[in-house]
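Below is one structure, written out as structure tokens, with a few remarks after it.
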Amino acid sequence: MHNGFVDMGSEKMSKSLGNIVTPAELLEQGHKGETLRLALLSAHYRQPLAWTGDLVAQTKAVLDRWYRVLGDIEPGKRDLEPFWEALRDDLNTPKAIAVINECLGEVSEDFEHFQGSREELLASASAAARALGVLAMSKEEWFQGGGDSKAIEAKIAERAEAKRSRDFATADRIRDELKADGIVLEDTAEGTSWRKE
């Protein structure tokens, strides 16, 4: 549901102007349904929404953060009252989204009254996000998607062996090949993880 005009940058989306973009086209471009859903919810339903590439990219960044922090957390049973209060206030979805983002912050003044641990707060934020229709995938599925993960894992193992052998040219070549395929490697002390761009 979106009652306000959807603008395509500087002009409203309209068949007569020929600047319509359909959900099917956006999905074909590789955008996930959850990203599109949260992008639409980022503006109040009675306000105009500027639909731009930046909006979609920013929304994906928000969901990446939510999946990183909340993706493996079971939804809590405790209500996140400020979230529900925002929705009761004429379905104020931008404020509801802000409440979830606030929960992910290190210091959260708005939630000093929350009677529970940080883990319980995050579990409640996880439940709230799911109420918006996001965080439906596993963390792994969100970041790695479908595709041939075994082949990617094999390439990562080959790269790790090249690094151990101090064959940095081969390691760099493998990293560059994966990057060309839209695979981003993240090296940490625990090893190498990967995600799709």
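The values are calculated or read from the model by the stated rules, or taken from the named source; none is laboratory data. Model, not experiment: these values are computed from the prediction. Cβ atoms come from the backbone with ideal geometry, glycine included; neighbour counts cover every protein chain shown.
With respect to being over 19 Å from ALA61 (Cβ atoms), charged (D, E, K, R), outside the structural domain of ALA61 (by TED's automatic domain parsing) and modelled with pLDDT of 85 or more, LYS150 falls outside the description.
May I ask you to verify whether TYR45 is among the aromatic types (Phe, Trp, Tyr) and at pLDDT 90 or above?
no
For residues in region 142-169 being in contact (Cβ under 8 Å) with a residue 12 or more places away in the chain and over 27 Å from the mean Cα position of the chain (by Cα), which is surrounded by the most Cβ atoms within 10 Å (Cβ to Cβ)? For region 142-169, the residue satisfying everything is ARG159.
Just give me the residues in region 43-58 being crowded, with 16+ Cβ neighbours inside 10 Å, out of contact with any His (no Cβ under 9 Å at 6 or more places or on another chain) and either part of a helix (DSSP H, G or I) or of a type in the set (Ser, Thr, Tyr) (or both), in sequence order. Passing the criteria: only LEU55.
Do the conditions hold for PHE83, that is, is it modelled with pLDDT under 90 and buried (at least 16 other Cβ atoms within 10 Å of the Cβ)? For PHE83, the condition - modelled with pLDDT under 90 and buried (at least 16 other Cβ atoms within 10 Å of the Cβ) - is not met. Scanning region 105-141 for residues that are of a type in the set (A, V, I, L, M, F, W, C) and modelled with pLDDT under 85 yields VAL107, PHE111, PHE114.
Might you check whether a residue that is closer than 23 Å to LEU63 by Cβ and outside the structural domain of GLN29 (by TED's automatic domain parsing) occurs anywhere in region 155-168? No, there is no match, as no residue in region 155-168 is closer than 23 Å to LEU63 by Cβ and outside the structural domain of GLN29 (by TED's automatic domain parsing).
Annotation: ALA98 fulfils all but one of (1) modelled with pLDDT of 90 or more; (2) surrounded by 13 or more Cβ atoms within 10 Å (Cβ to Cβ); (3) not in a helix (DSSP H, G or I); (4) not aromatic (Phe, Trp, Tyr); the unmet one is (3).
Within region 16-42, the set of residues being modelled with pLDDT under 90 and assigned to a helix (DSSP H, G or I) comprises PRO23, ALA24, GLU25, LEU26, LEU27, GLU28.
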